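Where a number appears in this text, it was derived from the coordinates with a stated rule and is not lab data. Being a predicted model, the structure only gives us computed values, none of them experimental. Here the Cβ is made from the backbone with ideal geometry for all residues, glycine too, and neighbour counts use every protein chain on show.
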Amino acid sequence: MGVITKPKYSIWTLLKGAASRHRQWAPAWHDARPKPAYDVVIVGGGGHGLATAYYLAKNHGLTNVAVLERGWIGGGNTGRNTTIVRSNYLYPESARLYDFSLKLYENLSQALNFNIMLSQRGLIVLAHSRHDLESLSRWANALRMNGVDADLLTREQVQHLAPALDMSSNARYPILGGLTQARAGTARHDAVAWGYARGASALGVDIIQNCEVRGFIEEAGSIVGVDTSLGRVRAGKVGIAAAGHSSVLAKLAGFKLPVTSYALQAMVSEPVKPILNAVVMSAAIGSYVSQSDKGEMVIGGGLDLFPSYAQRGSFSVMQESIAGTLALFPSFSRLPLLRQWAGIVDVVRDSSPIIGRTPLKNLYINCGWGTGGFKAIPVGGWTFGHLLATGKDHELAEPFQLERFNTGRLIDEAAGSGIAH
Amino acid sequence: MMQLNCPWCGVRDEPEFVCGGTAQIARPGVACGDQEWGEYLFFRENPKGLHRERWRHTHGCGQWFNLVRNTITHEIIAVYGMQDPPP
């Protein structure tokens, strides 16, 4: 099997490591080769795929599971986001889903014995007009009705929480107040992928990198395996968790999805001393800012609004994000940008995910998270694992089926999730 | 940044344009069922490669036109009119 027996990480193993000049560390997870057959094959080794494998093993005892990753684990959107976690969604179905995710995040370091560096530093959504204030109070009320923490902030409270904001009366985007979710914050994105990979691998899951799925094997109307760059792999069930490449895999299997792939950009400045403690979002400028633990200002932008599979963004969108950010934080104007990148996100019209069946038997899909997949990794894995193991929808995932695009029961979060989609 | 060749104004920078999504999707008749209507409204090929799509020169002449564009390289293969058959 090649299972790595998981040494527990602790202060003692760290001290022992220091004493041996850190030569004793074993790989955190086993880099496997494919076996001829598995009970479940998951296509896509990002956060969602790895979390699905982990919860299949942990919650359902299914360990004859493989995760097939075309590149390296966590190298797609899991390594390309702005690391923000939050659950301030408008509709009850979404609030339940994302708050469950945030609750799993709150205990994830302990559950995985892997420090995901969750920092619940709070998120502030800014109000720039009287109308913004009104819509933020509606939003806050909806959140509280759904049991998600939310507080309205006065102008002075915003200034206290983020003193670097331009609060002057002649600011381009005057700040009248805000909405905060104190439990929101950031988590180390790579650690989430690695932690789930380590947890899954220790329970016997095979994580197979550089293994591209090139086709699906169909027998008597059911999917019974996949054709990969490393040969045929048979499977009892196949789950797709491939974000921006979901449509490509759906096409291989012979069906269409209500998904369009767009590039979503982010960028970081050089690291500086702590100046911004909260995550700051503004719908007016369509971007959001936080400061990483290393000190970089992390800026997330809006979508490049044309279909793209190129993992880079347009200069014009980057310019817009930066111009907006500098209007809010004029003191950042001399910061050199260090890096800029884009991830390919799977956007659906109602900005809500799809966790369910496909038109093909034994083929399941977890996609449509669009610009917000990172925060949903734990719940995506939890509910998708439940579906793959039991064949039944998890109650949290029931509203998020593919059929809603034909029945019309959309969960239109486009207006509710605080960032222009 | 892409540069698009507007059939009326010539080559201009991408921020002047707005993409209107997949081109020339046939609208089903009013008698169609939920399945077909949903397909028409939401389900797309979303190809990795060549994509036929509508663009509007919003901050220019305001006219619509069609493109064949590669979604991996962003290379524009062809520009054609709204009523023209795809090349």
I want to verify a result. In a Gaussian network model of chain A, Cα cutoff 10 Å, which of these has the top mean-square fluctuation: A:L133, A:L50, A:L303? A:L133
Taking 28 Å as the cut-off for C-alpha to C-alpha distance, list the pairs among A:K251/A:K392; A:K16/A:K273; A:K103/B:K48; A:K8/A:K58; A:K103/A:K392; A:K35/A:K375 that go past it. A:K16/A:K273; A:K103/B:K48; A:K35/A:K375
Across A:L152, A:L15, A:L108, the residue with the highest GNM fluctuation in chain A (Cα network, 10 Å cutoff) is A:L15
How far is helix A:92-106 tilted, in degrees, relative to the longest principal axis of the Cα atoms in chain A, given as a value from 0 to 90 rounded to the nearest 10? 80 degrees
Which value in deg cm²/dmol, rounded to the nearest 500, describes the helix-derived mean residue ellipticity at 222 nm for chain B, given -39,500 (n - 2.57) per DSSP H run of n ≥ 4 and division by the residue count? -3000 deg cm²/dmol
Given q = 0.10, 0.16, 0.17 Å⁻¹, what are the Debye log10 I(q)/I(0) values for segment A:245-366, with equal point scatterers placed on the Cα positions and solvent ignored? -0.41, -0.81, -0.87
Across A:Y309, A:Y262, A:Y55, the residue with the highest GNM fluctuation in chain A (Cα network, 10 Å cutoff) is A:Y309
So what J values fall out for segment B:46-56 if you push phi through Karplus, 6.51 cos²θ - 1.76 cosθ + 1.60 with θ = phi - 60°, rounded to Hz, Gly and Pro as x? 6, x, 8, x, 6, 9, 8, 9, 8, 9, 10
In whole Hz, with x marking every Gly and Pro, tabulate ³J(HN,Hα) for segment A:29-40 from phi via Karplus 6.51 cos²θ - 1.76 cosθ + 1.60, θ = phi - 60°. 8, 8, 7, 8, 9, x, 8, x, 8, 9, 5, 9
With a ≥ b ≥ c taken as the square roots of the eigenvalues of the C-alpha gyration tensor of the protein assembly as shown, please select rounded if a/c is under 1.5 and otherwise prolate if a/b is larger than b/c or oblate if it is not? oblate
Working out 0.36 nm times the residue gap between A:K16 and A:A327, then minus their Cα-Cα distance, what length gain in nm do you get to one decimal? 107.1 nm
Rounded to the nearest Å, the spacing of the alpha-carbon centers of segment A:40-72 and segment A:236-252 is 13 Å
Please compute, for peptide B:67-74, the average count of beta-carbon atoms on other protein chains lying within 10 Å of each residue's beta-carbon. 4
Figure the gain on full extension for B:H59 and B:Q24 (residue separation times 0.36 nm, minus the Cα-Cα span) and round it to one decimal in nm. 10.3 nm
Between A:N59 and A:E219, what length comes free when the chain is fully extended (0.36 nm per residue of separation minus the Cα-Cα distance, one decimal in nm)? 54.6 nm
